[in-house]
Amino acid sequence: MSGRVEILKLRGRFDAALESLQEVETLQRQFGDIRGLAGTFGSHALILEAKGDLPSALALLRQGEQIWRDLDEPDGLARNLGNQTKLLSAQARHEEAITLLREVERIFRNIGDKEGLAGCFNSLAMVLQAHGDLVAAQQNYEQAANIYRQLEAPIGLAATIGNLGCLLRMKGELQRAAALFIEQQLICQRLGDRAGVARSLGNRALILRTQGRTNEALILHTQEEDAFRQLNLPAGLQVCLGNLAAIYLIEGDNDRAMTLFSEQEGICRSLNDPASLARCLGNQALVFERNGEVTRANDLHEQAQRLFERVGDPLGLSITMTARAMLMAQRLRQPKAGLELATKALELASGHGLNDAARRILQVIHVIKQSQQ
């Protein structure tokens, strides 16, 4: 992806980025630059992915895949397949993604590309994590990190240990996760990667929040917010605003939380990011529910549900359906409808191997059934 297109993408100017790429594609077709066209298809797909149009992005990548296969260029094919796995994983098509990544692994082993192999392990770990296989995910993150350390490749190492830290935080291994985030921050500082530093601060803040150290978390999130505003990176900023709002919710400052959620919503809409918008609306629903505005809360949960259905996110969808089911059963006095919705959420989570979510939904179903007795 060209520097200009990358900058436009980072700043959320997706239509302008697509126009630039279409101009490049036209020239490549005119001059018969098939190899360049395959690469441009990949860049085009990344913009469509950022806009939330996953089916069109996947279709473009598959066109590029065929070109790489026809040219018998394993390196280009491997990177194309790697990009496809991100889209498949985003749609919870984890088994398809894992199959492609196994082919990518074989390619990089055959051509002796150690850095490509490390990137493959990192990608495979992310898919395995989303699929619920945390043990295998951790093993692959650690393999990737070891290779990056051997190669002295700081950019890949920073990304990988950041991912590993997030996994360890989720598993409750907070001390090790915090150490990895600090290492990631130091690497990014040496590289002059201010956005990477900001993400590291945000991850450290999430650990502090988990430990109940909300004041310290607030300081780090505020530093993260300042960095993303200075860098004019709305995608990172909207995530930070959501995390800041969550702290104010914990502290009972609903008005401050809603102000931040509202700004986050505006950014998500401007970026055309339906998945992040869905999460934002779901969080806003919690504020309205806390304020006693249960009808408005239900409307927001319903909007979030439709968005998760559109982007094909079974985890987000099952969580939203469950939250809405509890609201219907306990606050809107519709226990039958709430139970039906929770049962559908359970079927969805179980069908996609989301075992932790399924267990939580079973607890909600139990609560709803008890309320009917």
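The values are calculated or read from the model by the stated rules, or taken from the named source; none is laboratory data. Computed from a predicted model, the values in this text were never measured in an experiment. Because the Cβ atoms are built from the backbone with ideal geometry, glycine has one as well, and the counts that use them run over all protein chains shown. Ligands, DNA and RNA are stripped out before the accessible areas are found, and what is left, the full protein with its side chains, is counted by its heavy atoms. Shrake-Rupley method; radii C 1.70, N 1.55, O 1.52, S 1.80 Å.
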For this session: When a/c is below 1.5 the answer is rounded, else prolate if a/b is larger than b/c, else oblate, so apply that to segment 95-214 with a ≥ b ≥ c taken from the square roots of the Cα gyration tensor eigenvalues.
Result: oblate
Seminar exercise, completed: Taking Rh as the Kirkwood radius computed over alpha-carbon pairs of the chain and applying Stokes-Einstein at 10 °C with viscosity 1.306 mPa s, one gets a diffusion coefficient in µm² s⁻¹ of 72 µm²/s
Exercise. Cα atoms only, segment 189-233: Rg and Dmax in Å?
Worked result: 10.7, 32
Seminar exercise, completed: Result for the chain: accessible area per residue, probe 1.4 angstrom, in square angstrom, of 48 Å²
For this session: Springs between alpha-carbon atoms under 10 Å, Gaussian network over the chain: tell me which of Asp313, Asp70, Asp113 tops the mean-square fluctuations.
Result: Asp70
Exercise. In degrees, nearest 10, range 0 to 90: what is the angle between the Cα axis of helix 254-271 and the longest Cα principal axis of the chain?
Worked result: 30 degrees
Exercise. With Rg and the Kirkwood Rh both taken from Cα atoms, where does Rg over Rh land for segment 1-149?
Worked result: 0.99
Seminar exercise, completed: Per DSSP, the loop-located trypsin sites (Lys or Arg not before Pro) within segment 50-140 having at most 13 other beta carbons within 10 Å are none
For this session: Give me the angle, in degrees from 0 to 90, between the Cα long axis of helix 54-71 and the longest principal axis of the Cα atoms of the chain, rounded to the nearest 10.
Result: 20 degrees
Problem set entry | Neighbour cut-off at most 11 other Cβ (10 Å), DSSP loop, GluC sites (Glu not before Pro), segment 100-202 | Glu152
Exercise. In whole percent, how big is the carbon plus sulfur part of the accessible area of the chain, probe 1.4 Å, protein atoms only?
Worked result: 49 percent
Problem set entry | CD proxy at 222 nm, helix term only [per DSSP H run n ≥ 4: -39500 (n - 2.57); per residue of the chain; nearest 500] | -29000 deg cm²/dmol
Problem set entry | Taking the chain and dividing mean pair separation by its residue count, relative contact order in percent (alpha carbons under 8 Å, at least six apart) | 10 percent
Problem set entry | Cleavage-rule hits (GluC sites (Glu not before Pro)) in segment 224-301: DSSP loop, at most 15 neighbouring Cβ within 10 angstrom | Glu251, Glu293
Exercise. Which pairs, out of Lys51/Lys344; Lys344/Lys369; Lys51/Lys171, put more than 21 Å between their alpha-carbon atoms?
Worked result: Lys51/Lys344; Lys51/Lys171
